[in-house]
Amino acid sequence: MTCKKCGKEINEGSAFCPLCGAKQVEIYKKVFSRNGLSEKDFIDAINKWFNENPKVANVKCKFDTDTSIGLLANKYQLNNFTVEYELFENNNLNQYALLKEECYNIMAKKTKDYIEEWKQSHPSFKVCNWQGGTHSRGQTGTFLIGGLGAANRLNVYIFYKLCYDYYV
């Protein structure tokens, strides 16, 4: 067989290339697009796919978010979600999920601070990736509390895995 990265001939069934060190597994890609779904239904559809595919492992993800104009504020929301993953022969004990968290206040916390607090309160979850942004009152919301440009809500998308080995 040939190495998936460097193309050199290696022993059949090798887990890693002895020349370049690259892992020799098939990497799959799945793109989820919102396509008019509510954000909640979109996230539910992503999580349903992970529940129906328990062999998925070693996931890397990418968020595609957008800020759209709302009635009173610019809204930060998830539009696309892409995962690259491997497939195990048996079911993966660690299950993946996507979660949307919201923090309300006049001046929203920094996303990184919110993630650190979330990790502390969820010790059996491993955050694989996250992205966040604030709803902000733009030009249309200057008459509201906080005035021009005030950030009043933080949306954070957390992609995590529940680590069952945490309990062992």
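The values are calculated or read from the model by the stated rules, or taken from the named source; none is laboratory data. Keep in mind it's a predicted model, so treat the numbers as computed, not measured. A quick note on method: Cβ atoms are made from the backbone with ideal geometry, for glycine too, and the neighbour counts reach across all protein chains shown. Areas reflect the complete protein model, heavy atoms only, side chains present, ligands, DNA and RNA absent. Shrake-Rupley method; radii C 1.70, N 1.55, O 1.52, S 1.80 Å.
A few points about this structure:
- Residue count for region 110-119, restricted to those that are surrounded by 14 or more Cβ atoms within 10 Å (Cβ to Cβ), at pLDDT 90 or above and not basic (Lys, Arg): 2
Every residue, every condition in (1) under 19 Å from Glu101 (Cα atoms); (2) surrounded by 11 or more Cβ atoms within 10 Å (Cβ to Cβ), yes or no:
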position	(1), (2)
Thr2	no, yes
Asn11	no, no
Ser14	no, yes
Glu26	no, no
Phe32	no, yes
Asn35	no, no
Asp44	yes, yes
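- Where Gln95 falls short, out of the listed (1) of a type outside the set (Gly, Ala, Ser); (2) open to solvent by less than 80 Å² (accessible area, probe 1.4 Å); (3) within 19 Å of Gln131 (Cβ to Cβ); (4) touching a residue at least 40 places away in the same chain (Cβ under 8 Å): (3)
- Residue in region 143-154 that is open to solvent by 80 Å² or more (accessible area, probe 1.4 Å), closer than 22 Å to Ser68 by Cβ, at pLDDT below 75 and in a helix (DSSP H, G or I) present: no
- Those residues of region 1-48 which are touching a Cys at 6+ places or on another chain (Cβ under 6 Å) and of a type outside the set (A, V, I, L, M, F, W, C), in sequence order: Lys5
- Pick from region 110-131, criterion assigned to a helix (DSSP H, G or I) and touching a residue at least 40 places away in the same chain (Cβ under 8 Å), ranking: nearest to Tyr28 (Cα to Cα): Ile115
- Residue list for region 46-70, restricted to those being of a type outside the set (Ser, Thr, Tyr), surrounded by fewer than 14 Cβ atoms within 10 Å (Cβ to Cβ) and without any contact (Cβ under 8 Å) to a residue 12 or more places away in the chain: Lys48, Glu52
- Of all the criteria given as (1) touching a Gly at 6+ places or on another chain (Cβ under 8 Å); (2) at pLDDT 90 or above, the one not satisfied by Trp130 is (1).
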